[in-house]
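Presented below is the structure to which this report refers.
The values are calculated or read from the model by the stated rules, or taken from the named source; none is laboratory data. Every value quoted in this text rests on a predicted model; they were computed, and no experiment measured them. Note: accessible area is taken over every heavy atom of the protein model, side chains too, but ligands, DNA and RNA are not part of it. Shrake-Rupley method; radii C 1.70, N 1.55, O 1.52, S 1.80 Å.
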Amino acid sequence: GQNIDQPTEMTATEGAIVQINCTYQTSGFNGLFWYQQHAGEAPTFLSYNVLDGLEEKGRFSSFLSRSKGYSYLLLKELQMKDSASYLCAVRDNDYKLSFGAGTTVTVRA
Amino acid sequence: TAGITQAPTSQILAAGRSMTLRCTQDMRHNAMYWYRQDLGLGLRLIHYSNTAGTTGKGEVPDGYSVSRANTDDFPLTLASAVPSQTSVYFCASSDSAGGPETQYFGPGTRLLVL
């Protein structure tokens, strides 16, 4: 099975940077995903990492270290609309996703 | 573009009753999934289907059944609902099970079992 840990809540100021960490212990690894979920809505895809290193997509970047079982999502130039829950998910060798409980990010003016 | 639709949007159900949550996608994706989302627990996989005609059990399959008669539809049935099945249910689909293909999620069904 999978054990995925991420902080429950984070607060940051508009324009700042926030880093959301995710650690995982898995019985198999076939990629790590980050999703964004606004309150009352469906999760939407943000990023995918399968090899070690940094993937950059505009204001959002995601990093993976497979040997450490560690990933982070970096949100730069925070905007009010970035207030949401961020979900870390690991895909196993059977191609099933296991999700962390999510990190609620609150952006303050 | 419809993507994935789910019905109903929300439902109140008496314990012991049966109910089918509907999920339809128009993207011709091979793989489909059902999750439940509960506060503090995140999304948990109930059942999945890698291709039409096949299904598999996820992390929390007890009390639920699925079928995949065609590519587009993946209904989830609660045979005899219990209060612990109160949750938000999300259906998702992906073009293939592996690779960088992400899962696309439907809008969810909010179910309250009394």
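Rounded to two decimals, what is Rg over Rh for region B:47-114 when you use alpha-carbon atoms and the Kirkwood radius? Rounded to two decimals, Rg/Rh equals 0.98.
For A:Glu77, B:Glu101, the ranking by accessible surface with the largest value first comes to A:Glu77, B:Glu101, using a 1.4 Å probe.
A compact globular protein would have a Cα radius of gyration near 2.2 N^0.38 Å; the ratio found for region B:1-110 is 1.00. At a probe radius of 1.4 angstrom, the accessible area of region A:1-100 per residue rounds to 47 square angstrom. The Rg/Rh ratio of chain A, with both radii computed over alpha carbons and Rh defined as the Kirkwood radius, is 0.96.
Residues A:Val90, B:Val88 ordered from highest to lowest accessible area at a 1.4 Å probe: B:Val88, A:Val90. When both region A:42-58 and region B:14-89 are represented by their alpha-carbon centers, they are found 26 Å apart. Solvent-accessible surface (1.4 Å probe) assigned to A:Ser67 amounts to roughly 110 Å².
Here the Karplus curve 6.51 cos²θ - 1.76 cosθ + 1.60, taken at θ = phi - 60°, turns the phi angles of region A:52-59 into couplings of 4, x, 10, 10, 10, 9, x, 7 Hz, with x standing for Gly and Pro.
Listed by chain and number, the lysines whose alpha-carbon sits under 26 Å from that of B:Lys57, ignoring those within fewer than 8 places in the same chain, are A:Lys96. Over all pairs of different C-alpha atoms in the protein assembly as shown, the reciprocal of the mean inverse distance, the Kirkwood hydrodynamic radius, equals 17.9 Å. Using the Karplus relation 6.51 cos²θ - 1.76 cosθ + 1.60 with θ = phi - 60°, the per-residue 3J(HN,Hα) values for region A:87-97 come to 10, 9, 9, 10, 9, 8, 6, 8, 6, 9, 8 Hz, with x marking Gly and Pro.
If you sort A:His38, B:His29 by accessible surface, 1.4 Å probe, largest first, the order is A:His38, B:His29. A probe of 1.4 angstrom, applied to the heavy atoms of all protein chains, finds B:Tyr104 with accessible area near 110 square angstrom.
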